[in-house]
Every structure is written in structure tokens, then in C-alpha cells.
Amino acid sequence: MEGVQRGLREAGAEPAAERAFRLLRERPSFADKSGMLPRLARLCLTEGRFVCISRPRGFGKSADACLLAAGFGPQGRVLLAGLEAERDSAFERFAGRYGAVLLDIKALLAASGSGEAFCALLE
């Protein structure tokens, strides 16, 4: 994972989650929800490997996914600088220490052109 991240940076590219989070953070309407990261890290590391976060349509699931992938990813410390998560004592234990993958189902579905083609991509 680190090799891929390093290769992207050397090529002048930025991983999708990091780019998306940077763009979100620049918006005037940005709301700092990073305080959930230390709590999620503690939950994942002590109770299980999977966490499901569900919200109604339009309540920031995509933004939260970008936050999670960016915060746990290699540039987590840089991306979360100055945000609520940085003030938590658990910050150093999780920020930038885990591989993170952001899978944008909407983008994959749009790129595939049909439900059947999308399912074929997943197989």
C-alpha cells in the first residue's frame, strides 16, 4: 500500500480519498466531524473488524467515508491537522497508521454503464 501511495505522489497524483477530503475541507460549509475517528479507532481495535455507519440520504455518508479513508490513511496526520481528532489522546495511535481504501460505488456504477457491467466488475 505504501508503495502505491508513494508512486502516486511521485507521479504528481493524490489518492482519491485524500483529494476528496482536501476539497471538502476547503468548502465554507465544512463541518469538522473528525472527532468520530478516535472513537471508531477504539471500537475497531477492541470490539471487531467491521463498523457500519448508516444515515439517511443527504446526511454526509460520502463526506464521512472520505474523512475515514483520509484520516486513517498515510497522510492522516497532515490532513487532520488543526481538527478535533488531533486533540484526542488516541490521535497518534491511529492517524496515518492504516491502509485505507475509498470505494465510490456511485462512480463505479456510472463508469460501468449498467448494473450488469457493474456486477461483472465486482466479480
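Results, tabulated for the structure shown:
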item: Residue ID - farthest from residue 94 (Cα to Cα), chosen from residues in segment 15-73 that are among the aromatic types (Phe, Trp, Tyr) and surrounded by 12 or more Cβ atoms within 10 Å (Cβ to Cβ); result: 30
item: For residue 86: the one exception among (1) in contact (Cβ under 8 Å) with a residue 40 or more places away in the chain; (2) acidic (Asp, Glu); (3) closer than 13 Å to residue 20 by Cα; result: (3)
item: Residues located in segment 89-123, provided they are within 12 Å of the chain's Cα centre (by Cα) and touching a residue at least 24 places away in the same chain (Cβ under 8 Å); result: 95, 96, 98, 99, 100, 101, 102, 104
item: Selection status of residue 70, among the hydrophobic types (A, V, I, L, M, F, W, C), modelled with pLDDT of 80 or more, in a loop (DSSP other than H, G, I, E, B) and under 20 Å from residue 22 (Cβ atoms); result: no
item: Odd one out for residue 65, checked against (1) in contact with an Asp or Glu (Cβ under 7 Å, 6 or more places away or on another chain); (2) in a helix (DSSP H, G or I); (3) of a type in the set (A, V, I, L, M, F, W, C); result: (1)
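The values are calculated or read from the model by the stated rules, or taken from the named source; none is laboratory data. From a predicted model like this one, the values you see are computed outputs, not experimental measurements. For neighbour counting, all protein chains shown are included, and Cβ atoms are generated from backbone atoms with ideal geometry for every residue, glycine included.
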